[in-house]
There are 2 protein chains.
Amino acid sequence: MPLIDLNKIPTQAPKDLDKDEARKLTKQRAERIADLHQKLVAEGKHSVLIVLQGMDASGKDGAMRNVFGECAPFGLRAVGWKKPTDLEFAHDFLWRIHKEAPAKGEMVIFNRSHYEDVLVQRVHGWIDEERVDRRFESINAFEKLLAYDNNTLILKFYLHLSKDEQEQQLLERVNESDKFYKHNDGDWEEREHWDKYRAAYNEVINRSEIPWHIVGVDQRWYRDYQMTEIIVNAMEGLNMEWPALETERTW
Amino acid sequence: MPLIDLNKIPTQAPKDLDKDEARKLTKQRAERIADLHQKLVAEGKHSVLIVLQGMDASGKDGAMRNVFGECAPFGLRAVGWKKPTDLEFAHDFLWRIHKEAPAKGEMVIFNRSHYEDVLVQRVHGWIDEERVDRRFESINAFEKLLAYDNNTLILKFYLHLSKDEQEQQLLERVNESDKFYKHNDGDWEEREHWDKYRAAYNEVINRSEIPWHIVGVDQRWYRDYQMTEIIVNAMEGLNMEWPALETERTW
């Protein structure tokens with residue numbers, strides 16, 4: 001398989017994609033995702049894990065709102081991964097992750113994930129390269145365990161943002177009062193490591209056995225357009241069925 | 001590595017091992033384990049996972065009492081694995097196991113373990129052989145994750161019992177009132193599958209990357225003698241140190 005180079009993949013929508021048409025399709029698909037999710041819950045045979053990764057301000061929160069906003073809350077869970085607690089640090093890096101894996105009949109969205117342990121920790125040199133290698137092995141084994149032993153459909157999205165668009169997005173967080181709560185001076189410091197993160201993400205994408213979906217996100221509507229398409233297709237592929245009626249009574 | 005064949009490994013103590021001498025040594029070593037456990041807790045850098053597997057009545061409960069009975073309760077946990085709950089069944093087979101993995105500074109004893117999922121489920125034909133293969137892969141990856149990413153010393157003991165001695169032990173459970181609570185008609189049914197279990201255990205031992213310790217248990221004092229020796233040696237090998245005094249005051 002040829003290597004993927006993020007630097008050669010556009011972050012923007014193709015010029016010939018009509019925005020209004022895309023939005024209309026996105027809305028239809030978001031409703032279709034809600035239907036498929038309901039079927040997932042009813043059937044109880046599969047589980048779905050959505051992984052969202054991307055640089056700061058790449059639109060992970062908005063993706064959760066727009067792509068899964070039509071789904072009912074039961075059987076849906078979003079988990080945001082932040083700095084590990086002391087108890088989490090006292091365990092292997094997948095311990096806290098595995099606990100939150102979806103049950104059959106459940107869809108779980110990870111806002112950030114176990115990949116942070118081969119991204120932020122690596123960019124800052126907190127772990128050595130031998131440990132990085134072992135972690136990639138562990139991650140691949142872990143994802144295969146979920147996929148094979150619990151019928152988990154794993155959909156991993158890299159939200160692909162340009163450096164210029166990140167600046168615009170981060171500036172909005174200091175200029176718009178309903179985004180102040182998202183501002184963090186640390187994001188500007190992390191931005192200094194842009195190239196290192198890009199290289200680390202490149203490796204994440206190329207070393208994963210379960211493939212990533214790379215989604216250009218400079219336009220948020222284009223992000224939602226791609227994500228909904230990928231998710232609908234993948235969930236349709238599960239060929240789920242509404243369970244038969246179980247009753248001994250004649251109606 | 002030549003394959004191990006349990007049928008060729010004795011379940012009994014060698015004739016020239018003096019029982020009283022062995023018991024004396026066992027007691028000293030059990031106290032040494034308690035010291036080492038205290039150091040483990042104080043240092044907080046390593047974790048220890050003890051896995052006990054064996055046929056019914058092979059003496060797992062007694063091993064816990066006699067080998068770890070001198071240890072303080074803090075930083076020590078014993079987990080007994082029974083039939084999975086509905087929630088556990090709705091996840092991959094390692095989900096409930098991983099949650100109970102030891103933190104740094106902790107020793108956890110598993111009475112039965114994730115290996116049941118390639119033993120009882122296999123003997124009864126509840127899972128197909130492809131799934132057995134995948135599970136062995138997952139188990140090896142999981143144990144390496146604990147070992148490498150959380151400094152976990154994993155000590156796995158197969159309590160090696162003869163079929164005749166099992167009969168004696170099971171009979172005691174219907175004849176002695178303080179053992180009635182251990183009696184279960186199902187144990188006699190499982191005994192019918194003795195050869196299948198033996199074959200399945202043989203594979204478990206040969207397919208594990210982190211090696212097993214095979215301990216003859218027809219005499220319970222011999223079981224404790226071997227286990228305490230193995231554990232003391234392995235924990236000494238961690239080269240743990242009492243933490244230095246941290247104080248700014250001059251004493």
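The values are calculated or read from the model by the stated rules, or taken from the named source; none is laboratory data. In this text, all values refer to a predicted model and were calculated from it rather than measured experimentally. So basically every Cβ, Gly included, is an ideal-geometry build from the backbone, and we count neighbours across all protein chains shown. Surface areas here come from the heavy atoms of the whole protein model, side chains and all, with no ligands, DNA or RNA. Shrake-Rupley method; radii C 1.70, N 1.55, O 1.52, S 1.80 Å.
Accessible area per residue was computed with a 1.4 Å probe on protein heavy atoms; A:Asp86 scores about 140 Å².
Converting phi to 3J(HN,Hα) with the Karplus coefficients 6.51, -1.76 and 1.60 and the offset θ = phi - 60°, region B:83-95 yields 3, x, 6, 4, 5, 5, 5, 7, 10, 4, 5, 8, 4 Hz in sequence order, with x at every glycine or proline. Taking every C-alpha pair closer than 8 Å and separated by at least 6 residues, the mean separation divided by the residue count of chain A gives a relative contact order of 34 percent. One Cα centroid belongs to region B:4-19, the other to region A:27-98; the line between them spans 53 Å. Taking 24 Å as the limit for the C-alpha separation, the pairs B:Lys82/B:Lys179; A:Lys99/A:Lys179; A:Lys19/A:Lys182; A:Lys27/A:Lys156; A:Lys82/A:Lys179 exceed it in the case of A:Lys99/A:Lys179; A:Lys19/A:Lys182. Counting charges near A:Leu145 (Lys, Arg +1; Asp, Glu -1) among other residues having Cβ under 9 Å from its Cβ returns a value of -1. The Cβ shell under 14 Å around A:Asp35 holds other residues with a net charge of -1, Lys and Arg each +1, Asp and Glu each -1. With label points set 7 Å from Cα along Cα→Cβ, the inter-copy distances at A:Ala78 are 4.5 nm, sorted shortest first.
Label points for B:Leu17 are taken 7 Å from Cα along Cα→Cβ. From this copy to the others they lie 6.9 nm apart, shortest first. For A:Phe93, no residue has an amide H sitting under 5 Å from its own, ignoring neighbours fewer than 5 places away on the same chain, with H placed 1.01 Å from N. Loop-located trypsin sites (Lys or Arg not before Pro) in region B:65-97 (DSSP state other than H, G, I, E, B) with a sparse environment of at most 16 neighbouring Cβ atoms within 10 Å: B:Lys82. Per residue in region A:75-112, which ones lose no less than 50 Å² of accessible surface when going from chain alone to all protein chains (1.4 Å probe)? At a threshold of 50 Å² (probe 1.4 Å), the residues of region A:75-112 that become less exposed are A:Ala90, A:His91, A:Asp92, A:Trp95, A:His98, A:Lys99. Scanning residues 5 or more positions from A:His160 or on other chains, those with amide H under 5 Å from its amide H are A:Val215, A:Gly216, A:Val217, with H placed 1.01 Å from N in the peptide plane.
Other residues with beta-carbon under 11 Å from the beta-carbon of B:Ile231 carry, at +1 per Lys or Arg and -1 per Asp or Glu, a net charge of -1.
Helices in the protein assembly as shown, meaning DSSP H runs of at least 4 residues, each add -39500 (n - 2.57). Divided by all residues, the mean residue ellipticity at 222 nm is -14500 deg cm²/dmol. Roughly how large is the B-A contact in terms of buried accessible area, totalled over both chains, probe 1.4 Å, nearest 100 Å²? Buried area (both sides, nearest 100 Å²): 2100 Å². Working from label points 7 Å from Cα in the Cα-to-Cβ sense, the B:Ile4 to A:Trp188 distance is 6.0 nm. For the protein assembly as shown, the Kirkwood estimate of hydrodynamic radius, built from reciprocal distances between every pair of different alpha carbons, is 26.0 Å. Each residue, A:Val79 and B:Trp221, gets one label point 7 Å from its Cα in the Cβ direction; the gap between the two is 5.0 nm. Quantify, in whole percent, the carbon and sulfur part of the accessible surface of region B:18-236 (1.4 Å probe; protein heavy atoms only). Here carbon and sulfur together make up 47 percent of the probe-accessible area.
Chain B versus the axis that turns it onto chain A: the residue with the nearest Cβ and the distance in whole Å amount to B:Ala141, 2.
The residues of the protein assembly as shown present an accessible area of 51 Å² per residue when probed at 1.4 Å with all protein chains retained. For B:Val41, the accessible area of its heavy atoms, probed at 1.4 Å with every protein chain present, is near 30 square angstrom.
Along region B:106-117 the Karplus relation, 6.51 cos²θ - 1.76 cosθ + 1.60 evaluated at θ = phi - 60°, assigns HN-Hα couplings of 9, 10, 10, 10, 9, 8, 6, 5, 4, 5, 4, 6 Hz to successive residues, with x for each Gly and Pro. Taking amide H atoms as placed 1.01 Å from N in the peptide plane, the amide H of A:Val51 lies under 5 Å from those of A:Phe110, A:Leu155, A:Lys156, A:Phe157, each 5 or more residues away in sequence or on another chain. Projecting the Cα atoms of B:Met55, B:Gly69, B:Tyr201 onto the dipole axis of the protein assembly as shown, where Lys and Arg carry +1 and Asp and Glu carry -1 at the beta carbon, places B:Gly69 farthest toward the positive end.
Between A:Tyr115, A:Tyr158, A:Tyr148, the residue with the greatest mean-square fluctuation in the GNM of chain A (Cα pairs under 10 Å linked by springs) is A:Tyr148. Position A:Gly125: other-copy label points at 6.1 nm, ordered by increasing distance, label point 7 Å along Cα→C-beta.
Here the 3J(HN,Hα) profile of region B:181-190, calculated from phi with Karplus coefficients 6.51, -1.76 and 1.60 at θ = phi - 60°, is 5, 8, 5, 8, 3, x, 4, 6, 5, 4 Hz, Gly and Pro shown as x.
Computed on chain A, the Cα convex hull volume stands at 172 Å³ per residue.
Accessible area ranking (1.4 Å probe, heavy atoms, ligands and nucleic acids excluded), largest first, for A:Leu146, A:Leu245, B:Leu238: A:Leu245, B:Leu238, A:Leu146.
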